[in-house]
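Here the structure is laid out as structure tokens; the discussion comes afterwards.
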Amino acid sequence: MKKSITHFNSLLAVMFFLLAGTGLSAQETQVDKVNVPLSDPARPVKLEVGIMNGSITVKGVQGLKEVIVEAAPRYREESRRREQERKDGLKRIMNTTTGLTVEEDNNKVDVSTGMSGHSRTIDLTIQVPTNTAMDLSTVNSGDVYVENIVGDLEISNTNGKVTVDNISGSAVIHALNGNIVSTFAKVNQQSPMSFSSMNGRIDLTFPADMKATVFMKNVQGEIYTDFDMKVEQSAIRTEEGEGKRGKYKVSFERGMKGFINGGGLEIQVSNYNGDVYIRKGK
């Protein structure tokens, strides 16, 4: 069964603004909230979130039987000043629409902010059952934070940092211009992991007994670890092809391969401009 809920509360916000006469204070508290029932609360959840502007915060809650989504527009100081300006006796009314859309189908929950999220910054706060896999992405003006999750994560942030804390599972994380900080309570030994950044620090903490083979490449930065890691040089092979023109390219880049506790789970760590830390959990 498919359930879809869309919130466009700008009319209510404007009415409150006009009646209360408080303007900015009403808008600062504007939050759209949706409680999403699951098709089968006993099964794991899959959460997918894709926005253009804003932060994404996801927190796992033990025993939760639904998904709770909150969306709040973010106001800049410049917007506040403009709102207080008066011209020809007219008062500017801020558009408080979040465009929040939430769709649930067979325990898969999709969250978006539509065109509203393209023109202004919308921050999302989401509570989920702890047993949730997720695919999260944002582009501008926000960070991604995830905590207390059992599941596999795919996270992308173009211009912000990614932080995941107390995760049991696996992760594929890319932050083009931001730091990656990840702390794992347990790892899924069957799911390869990848962490990459162009301009940022990568700081990873894994269980002390994890068995992993780590492929590491860092162009303009150092790599540090407190694991007893056996390291050897390796050549990373990259293949590119374009069928129509018959172009084919093979290149080798020098990297390092490290063995933790004898090797095992494959983990790729790639950075261009920033240090890499691979830490042993306490």
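Each value in this text was obtained by applying a stated rule to the coordinates, not by laboratory testing. Just so you know, these numbers come straight off a predicted model, no measurement behind them. Virtual Cβ from ideal backbone geometry, glycine too; neighbours counted across all protein chains shown.
Would you grab the residues whose amide H sits under 5 Å from the one on A208? Only those 5+ places off in sequence or on another chain, please, with H modelled 1.01 Å from N.
G281
May I ask you to list the residues of region 169-207 whose amide nitrogen lies under 18 Å from a point 7 Å from Cα along the Cα→beta-carbon direction of V219?
174-180, 195-202, by backbone N distance to the label point.
List the residues whose amide H sits under 5 Å from the amide H of D143, counting only those 5 or more places along or on another chain, with H placed 1.01 Å from N in the peptide plane.
S55, I56
What order do you get for S194, S182 when you list them from fewest to most C-beta neighbours inside 10 Å? Don't skip to the end; give the middle numbers.
Working: S194 16, S182 22.
By the 10 Å Cβ count, ascending: S194, S182.
Would you please classify the overall shape of region 136-228 from the alpha carbon gyration tensor, given that a ≥ b ≥ c denote the square roots of the eigenvalues, rounded means a/c under 1.5, and beyond that prolate means a/b larger than b/c while oblate covers the rest?
Numbers: a/c = 1.95, a/b = 1.19, b/c = 1.64.
Oblate, because a/c is 1.5 or more while a/b does not exceed b/c.
Give me the net charge of I223's neighbourhood, meaning all other residues with Cβ under 10 Å from the Cβ of I223; Lys, Arg count +1, Asp, Glu -1. Spell out each step's value before the answer.
Numbers: positive: K217; negative: E222, D275.
Net charge around I223: -1.
Collect residues whose amide H, placed 1.01 Å from N in the peptide plane, falls under 5 Å from the amide H of T121; neighbours closer than 5 in sequence don't count.
So T121 has HN proximity to R74.
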